[in-house]
Structure formats: C-alpha cells, structure tokens
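What follows draws every value from the coordinates through simple rules; no lab data is involved. Given the structure is predicted, the values throughout are model-derived calculations rather than measurements. Ideal geometry is used to build each Cβ from the backbone, glycine not excepted, and the neighbour counts take in all protein chains shown.
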Amino acid sequence: MSKKLYLITYGCQMNEYDSTKMADVLGKSHGYTRTQDPDEADLLLLNTCSVREKAQEKVFSELGRWKDWKAAVPGRVIGVGGCVASQEGQAIASRAPMVDIVFGPQTLHRLPALLDSTRASRKPAIDVSFPEIEKFDRLPAPRAEGVTAFVSIMEGCSKYCTFCVVPYTRGTEVSRPLDDVLTECAQLVDQGVREITLLGQNVNAYRGPMGQTGEVCDLALLINYLARFPGLQRIRYTTSHPAELGDALIDAFADEPKLASYLHLPVQSGSDRILGMMKRGYSRAEYLAKIRRIRAARPDISLSSDFIIGFPSERDEDFVQTMDLIAEAGFDGAFSFNYSPRPGTPADNLRDSVPLDVKQQRLKILQDRIRGLDTDFKQALVGSVQSVLVEKPARKGQGQMAGRTSTNRWINFEAPAHLIGQFVDVEVTEALPNSLRGRWRPATGTAAAA
Ligand code: SAM
Ligand code: F3S
C-alpha cells in the first residue's frame, strides 16, 4: 500500500509552492502520495507561517489536536516546516513533544533524510539551516496540477522592515539562476500550464545569475524571456516591493501584453513618519508617483496593497493619511492586519502603543473602504468582455466553469469543460461579493463544436 501524506499549509503563496515541493520530494524518495483524509495518512506535515503572532499560535493549538491522531497508529510521524519551524527550531519539539521533524523553508528537500533519521533513532530530527539555493537543485522536476502554476524565483528578503520576521525565518534574498527558472517554466508549459505566477517575498528584487557570464537578469528581462514561450499566455508576479519597482518593470505593463493587468504593491502606511519608522525605503510621494506611472502604462490595471494598522505610535493623523493614500492610489483590493509585534524584530523594542480597540476601529474603517472599492471595480467590469483562462469546473457545478480575468477576479460562466486551458472571451454580467458572473462568448465557428 502506498504511503500517504496529509499536508496543512498556512500563509503565503510561497508556502503553497513549498508544500507542493514537499509532496514531490517525498513522492520521489519514499513513494508518498497526498491524501485529503488524515485517517489514512502516516505522515502529517504542517507548513507554517510566523508573519503575525496569531498565525504562530495557531500552529501550537493545531499540533495539540494531532496528538491523538499520532497515538492511534504506531509509526505515525508529524513534521513541522515553514517559518515557525525556522524561528523556533528545537523549541518546537520541546514545546510540542509529538513533533518528530522540524525543517525550515530552505531545508524541505532534506525531508526524506530527516524522515529516515527520526524513524531510525526515534528522536526528533531537526534541520532549519539556510543552505541557500541548494534546495532548488535537489527538487524533482515540477508536476503541473492544472493550467496555472506558481514558480518560486527567489528566496528570502534583505529589506529588514522593522516589523517583519521574514529575513530571519527565510534568510536574505537569494535569486535562482535564470536557466533554472526558464527550465522549470518550460517543463510546466509542456505539461499544459498556460499561466505562471512568479513568486518571491520581494519578487521584483530578482537578480538571477545568467550562465557563467557574471551578468544578472532582473524581473523585467525574465518576463521578456518568458513572454517568448509560445504556450505561455499569461504571466503574473507577486509580491513586489515598491522601492524595487523600476522603469523597466513599469514599461513592461505598456509593452508586454502577456503580463496580467494586476499588481500587488504593499505600501503598509500612508504616513511618511510611520514609513520611516518601518524602514520601508520610500516616501508616500514616491509611492504615489510610481502608481501614476503604472496607471499611465496600463490604464485598466487592478492595484492592491498590504496595510499594517496600529504600528507603534500610529496616531489618528497617520491613519487619515493612509486613508487619503487609498483614495489617491485607487486600490481595488488589499490585505490588512493589525500590527503584531514579532520577537527579534527591531519594532519589537518599541512600545506596542496603539490600544487594541483603536486598532480594530481603524482596521474596520480601512477594510470597509477597500470592500467598497473592490465592489466599484467589479461593477465597472459589468458589460465588458474579458479574456479569461478557463481553469476548472466551478465549485457549484451545473456546467459552470471558473477562471480569472487578467485583473485577477474569479468569474463563473457556463461553458463546456473541454475549454479548460484555453483563453476565452467572457462578457461580465454581474458583480458578486467575491467573484463575477459572466456569459461565454464563443469565437465565431466554435459554438457549434461546443
Ligand atoms: N515583500 C512585501 C512588501 O513589500 O512589503 C511583504 C511580504 S510580508 C511577508 C507580507 C505582509 O505581511 C506584509 O506586507 C505586511 O503587511 C504583513 N506583515 C508582516 N509583518 C507583520 C507584522 N509584524 N504585523 C502585521 N502584519 C505584518
Ligand atoms: Fe518583510 Fe519587508 Fe521583506 S515586509 S518580507 S522585510 S520587504
């Protein structure tokens, strides 16, 4: 009987990508296949996130729930990976003795050896080191799981924003060599992938070595190379840092039609005082100037951002500036969270001075505003015809397909399943709270065939 792996993933898209790689590595080495039913699994992996305190605490309460699962069948193994593992290391196994393996984002390729080691020794196997890019060299060839795929092009972050743990949990920025990225993308496209999202904590800081020449390739040039793959029809990237968004990347929105009309550009705050304390490396005016240039290059673009509410010493006037910036930038989506002090970060030495109820009030005002802007954006699409990659049957079934617009909005529409993997024209007929509804417009001559 084949061995079964049950995987729980928290956090960002990089973690989702890493989870697929964990499954691939264990599939190749030990014949593991993934299951959605924990009862038939003998290996449980938790891929964790430590960006906010709540996410971190969730891991320990989750582990408590798996104690009985482990005790029920001898030989069952529990592994914890990701950023909490990286930050806590040995402490995880001490605080949660049911844990057998602790591995970091950069050591997931060593999972097979860690598994063998804990089985042989019956002691926890721990490796949260940063062997840089070695991970990518040891991973099996990618397996497409649909018509879209993530490709991680860099690891870590060297920006050291004062509130953030990522540079400590994922290490400093390391870019994958250009040839490796192009090979992985080509393999995915050969398997039917039509849209690729390039991933990195600071994806636009990508500087991939090119062959032995000593030259480096930036994200704009990488997009340019990828756009030449005939089978690849849409390219996205996330997450970008505003200070790394240079002219060439902005020009790509004007010059490269395969680049999706969507950009997630975290600003965090609209107050220069707070941006300075966060060490973000740009001012409000510089950020807005970039937004204006992006809109000039791609007028229909969807822009979203990240906000931290209640950073130490944030006053009402700072928050007002954040709200003004939202209006001026015209975001139509955002991820926003209350500031959460993270151990080991410079901001953790500042007093977490904004009371929780004030944080909550500000967060609600911001989230209501963003929800309104998202509704306006979707409403404005009603009546337009969008190019949609048909990704999969819609959850509600009934002959409905689901895909995304270039502006990253899910849209459901009636269409035959054989269109999965194709770009089709869909007229937007209705804006719903979390998606759009549409009508497939078959190209002339295809309606009969459907
Ligand atoms: N590279 C991105 C950028 O340019 O900001 C951010 C990646 S970070 C892992 C994802 C988001 O988590 C940040 O944009 C920030 O809004 C949020 N975040 C990070 N640390 C946080 C903290 N201590 N409290 C609340 N939110 C936090
Ligand atoms: Fe974190 Fe700032 Fe990097 S938010 S991931 S240190 S850009």
Practice problem: Please identify every one of the trypsin sites (Lys or Arg not before Pro) in the range 368-418 that sits in a loop by DSSP and has no more than 16 other beta carbons within 10 Å of its own beta carbon. | Solution: Arg395, Lys396
Quiz item: What order do you get for Val84, Val193, Val320 when you list them from fewest to most C-beta neighbours inside 10 Å?
Solution: Val320, Val193, Val84
Exercise. Arrange Lys159, Lys123, Lys135 by Cβ neighbour counts within 10 Å, fewest through most, would you?
Key: Lys123, Lys159, Lys135
Exercise. Considering only DSSP beta bridges where both residues belong to the range 81-224, give the percentage that are antiparallel (nearest 5).
Key: 45
Self-check item: Extreme residue, positive dipole direction of the chain, given options Gln187, Trp66, Val426 (C-beta unit charges)
Solution: Trp66
Self-check item: Length gained when the stretch Gln367-Gln422 is fully extended (0.36 nm per residue, less Cα-Cα span)
Solution: 16.3 nm
Quiz item: Going by a 4.7 Å Cβ-Cβ cut-off, which cysteines of the chain have no partner at all?
Solution: Cys12, Cys49, Cys83, Cys157, Cys185, Cys217
Quiz item: What ranking do Val382, Val151, Val426 get, fewest neighbouring Cβ atoms within 10 angstrom at the top?
Solution: Val382, Val151, Val426
Practice problem: Starting from the Cα-Cα distance between Asp37 and Arg351, subtract it from 0.36 nm times their residue separation and give me the gain in nm to one decimal. | Solution: 108.6 nm
Self-check item: Segment Ser384-Trp69, extension gain: residue separation times 0.36 nm, minus the distance between their alpha carbons
Solution: 108.3 nm
Self-check item: Nearest-0.05 FRET efficiency for Tyr160 and Arg439, computed from C-beta distance (R0 41 Å)
Solution: 0.25
Quiz item: From the residues Val166, Val102, Leu366, which one has its Cα farthest along the dipole of the chain in the positive direction, the dipole being from +1 and -1 charges on Cβ of Lys/Arg and Asp/Glu about the Cα centre?
Solution: Val102
Self-check item: Two-site label geometry, Val216 and Ala254: point separation in nm, points 7 Å out along Cα→Cβ
Solution: 2.6
